Amino acid sequence: MTDASSHPTPGTKSSPQTRSQLTGTVVSLIGWVVVILPIVLMSVMIFASVLDPSAGMAAPARVGLMFLGAILLFCMIATPHLLGQAVIYRERAMWRAALITGIPTVAVILYFLFRWLSNLG
């Protein structure tokens, strides 16, 4: 006998085909290559500014910088993985999560790029 739950009912959307695991892994690795240097630079920049001996540790600006840095570092760490999963499964929610973490990641990358370019000239 056939199971009725295995066949989609008319009017419902079936999930799109998934891509291969290799495709998602390659996209994720490319994402890691792109974000590894900004992660290191952001960590060093936050570490240096928070531990600056000229001001106290509990200054509101330093606490805000710590939280902002933690959020940005989380986004930069999560983006490559979420992007790889979105490529594999082709689900709208996965693309949305990759976009939400990817926008701050791109902002940090652009910040460091423009900062580096401004130092050249």
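Taking the criterion of being touching a residue at least 24 places away in the same chain (Cβ under 8 Å) and open to solvent by 40 Å² or more (accessible area, probe 1.4 Å), the only residue of the range 46-72 that qualifies is Ile71. Taking every residue in the range 20-36 that is in contact (Cβ under 8 Å) with a residue 40 or more places away in the chain and assigned to a helix (DSSP H, G or I) and pairing it with any residue that is open to solvent by 80 Å² or more (accessible area, probe 1.4 Å) and of a type outside the set (Lys, Arg), at least 6 positions away or on another chain, the pairs with Cβ-Cβ distances below 7 Å are Ser28/His81. Report, by residue number, each residue of the range 73-121 that is under 15 Å from the mean Cα position of the chain (by Cα), closer than 19 Å to Leu22 by Cα and of a type in the set (Val, Ile, Thr). Across the range 73-121, the qualifying residues are Thr79, Val87. Whether a residue is β-branched (Val, Ile, Thr) and in contact with a Pro (Cβ under 6 Å, 6 or more places away or on another chain) was assessed, and Ile109 passes this test. Scanning the range 40-81 for residues that are of a type in the set (A, V, I, L, M, F, W, C) and outside any helix (DSSP H, G or I) returns Leu51, Ala55, Met57, Ala58, Ala59. For the range 1-33, what are the residues that are modelled with pLDDT of 90 or more and open to solvent by 80 Å² or more (accessible area, probe 1.4 Å)? If the condition is that a residue be modelled with pLDDT of 90 or more and open to solvent by 80 Å² or more (accessible area, probe 1.4 Å), then Gln21, Leu22, Leu29, Ile30, Trp32, Val33 are the ones that fit.
Screening Ala93 against (1) surrounded by fewer than 11 Cβ atoms within 10 Å (Cβ to Cβ); (2) under 27 Å from Trp116 (Cα atoms); (3) of a type outside the set (Phe, Trp, Tyr) leaves a single unmet condition, (2). Mind listing whichever residues of the range 34-48 are modelled with pLDDT under 90 and touching a helix residue (DSSP H, G or I) at 6+ places or on another chain (Cβ under 6 Å)? Selection gives Ile46 alone.
The values are calculated or read from the model by the stated rules, or taken from the named source; none is laboratory data. Everything quoted here is computed from the prediction, not taken from an experiment. Methodologically, a virtual Cβ is constructed for each residue, glycine included, from the backbone with ideal geometry; neighbour enumeration extends over all protein chains shown. Surface areas here come from the heavy atoms of the whole protein model, side chains and all, with no ligands, DNA or RNA. Shrake-Rupley method; radii C 1.70, N 1.55, O 1.52, S 1.80 Å.
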